[in-house]
Amino acid sequence: MRLPEPRGSLTRALCTDLSTGTLSPATVQLAERTAAASTDPLTDEDLQLALAICYELHYRGFDGVAEDWEWDPDLLRLRAHLERVHTAALRELAGELEVTDEPVDRQLTALIAADDGPSLSRYMARTGSLEQWREYLALRSVYHLKEGDPHTFAVPRLSGRTKAAMVEIQADEYGGGSPARMHSELFAGMMRDLGLDAGYGALWDDAPAAAFASVNTMSLFGLHRRWRGAALGHLACVEMTSSEPSRRYSAGLRRLGFDGSTTVFYDEHVEADAVHEQIAAVDMCGSLVAGEPALTGDVLFGATCSLAMDGLVARHLLGAWDAGRSGLRRERALAA
Ligand SMILES: [Fe+2]
Ligand SMILES: [Fe+2]
């Protein structure tokens with residue numbers, strides 16, 4: 001994948017430095033200043049893209065960017081400035097979380113039931129036009145083309161029943177041994193059916209900050225052992241909130257004339273996540289906090305962040321569409 005188009009002074013400096021091979025101290029300082037000055041880090045295009053670029057070095061990297069950058073101490077220092085404000089913004093959004101003595105799966109269920117974010121799946125089921133569907137998939141492709149990967153970073157931090165439960169879920173995300181059934185591949189197929197470029201990272205330049213904020217949150221949790229509880233809470237929340245919306249997304253595509261060969265990504269999630277929900281909440285999170293009760297708050301924090309990031313994306317798209325605008329960063333015909 002190519003380095004993305006810069007969205008401000010920080011990403012401009014960062015992309016230049018990564019391609020020339022020298023990280024300038026001025027770029028690290030710029031990251032610190034950008035982070036300190038950002039009034040809303042989660043919707044800050046320059047900040048979120050810079051953080052996504054830093055994290056991408058742990059996934060597939062960029063054409064023309066040396067692989068050694070992944071563990072460059074100065075780049076990690078730059079990233080830490082961005083992570084600090086990103087995490088603070090998540091904490092502020094999550095607010096005070098009440099931890100009770102109830103089993104953690106019930107606390108997760110209650111948290112999800114209390115969420116009052118807008119329902120994008122209802123809109124896409126009933127109203128979403130083909131072009132809005134393309135925008136939605138373009139935005140979501142930032143995550144779904146690496147579906148499973150951010151949470152998988154947490155696996156080596158776990159043990160016993162918790163680890164086995166997570167691997168059981170992730171094995172399905174990766175197609176249970178069949179590359180064509182990998183969820184990322186099913187998503188790519190759906191993109192192609194709607195005329196979109198399904199190349200890994202191909203639509204990054206179209207995706208708004210909210211798309212990166214959502215994936216950066218997962219990368220943050222997956223890549224830091226300290227956030228293993230949040231990574232698991234986040235994954236559990238994804239699994240627990242996927243089945244019903246997937247049914248609606250599938251219905252939305254059928255309404256537009258697509259059949260099961262296109263909706264298979266969603267149909268798969270209706271089935272799989274009804275099963276994953278229990279494994280994630282009871283086996284995975286339940287056994288984690290049984291062994292480490294102090295992580296309960298982090299599990300709930302991760303789940304809250306998942307709901308909050310879904311809300312951020314939904315409000316971004318629905319707000320833009322309501323105002324008659326594109327929800328993407330640049331207005332252009334998306335279909336090939
Ligand atoms: Fe999946
Ligand atoms: Fe799943």
What's the center-to-center distance, using Cα atoms, between segment 7-81 and segment 288-321 in Å? 25 Å
Surface/4 estimate of mean projected area, convex hull on alpha-carbon atoms of the chain, nm²: 16.2 nm²
For Ser159 paired with Arg332, estimate the spin-label separation in nm (one decimal), with each label point 7 Å from Cα along the Cα-to-Cβ line. 5.1 nm
Once you have the Cα-Cα distance between Ala36 and His58, take 0.36 nm times their residue separation minus that, and quote the gain in nm to one decimal. 5.4 nm
Quick one: what does P(r) look like for segment 253-336 with 5 Å bins over all Cα pairs, in whole %? 3, 11, 10, 13, 17, 16, 11, 9, 6, 3, 0
Taking only DSSP H segments of four or more residues, each worth -39500 (n - 2.57), what value at 222 nm results for the chain once the sum is divided by all its residues, to the nearest 500 deg cm²/dmol? -20000 deg cm²/dmol
Name the residues of segment 300-322 whose amide N is less than 11 Å from a point 7 angstrom out from the Cα of Glu131 along the C-beta direction? none
Kirkwood Rh for segment 34-80 from C-alpha pairs, in Å, is 11.5 Å
FRET efficiency (Arg122, Ala66; Cβ distance; R0 51 Å; to 0.05) is 0.65
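Would you mind working out the accessible area per residue for the chain, using a 1.4 Å probe, and quoting it in Å²?
42 Å²
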Could you give the size of the charge dipole of the chain about its Cα centre, using +1 on the Cβ of each K and R and -1 on the Cβ of each D and E, expressed in debye and rounded to the nearest 20? 440 debye
I want to verify the translational diffusion coefficient of segment 9-93 in µm²/s; compute it with Stokes-Einstein, Rh as the Kirkwood radius over Cα pairs, at 20 °C and 1.002 mPa s. 167 µm²/s
So for segment 205-322, using the alpha carbon gyration tensor with a ≥ b ≥ c as root eigenvalues (a/c under 1.5 gives rounded; past that, a/b versus b/c decides prolate or oblate), I'd call it oblate
Ignoring ligands, DNA and RNA, what percent of the accessible area of the chain is carbon or sulfur (1.4 Å)? 51 percent
Virtual paramagnetic centre 7 Å along Cα→Cβ of Ala80, amide N under 17 Å, in segment 219-239: 220-221, 223-227
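The values are calculated or read from the model by the stated rules, or taken from the named source; none is laboratory data. Owing to the predicted nature of the structure, the values given are computational and were not obtained by experimental measurement. Glycine also receives a Cβ, built like all others from the backbone with ideal geometry; neighbour counts cover every protein chain displayed. Surface accessibility is based on the protein's heavy atoms, side chains included, excluding ligands, DNA and RNA. Shrake-Rupley method; radii C 1.70, N 1.55, O 1.52, S 1.80 Å.
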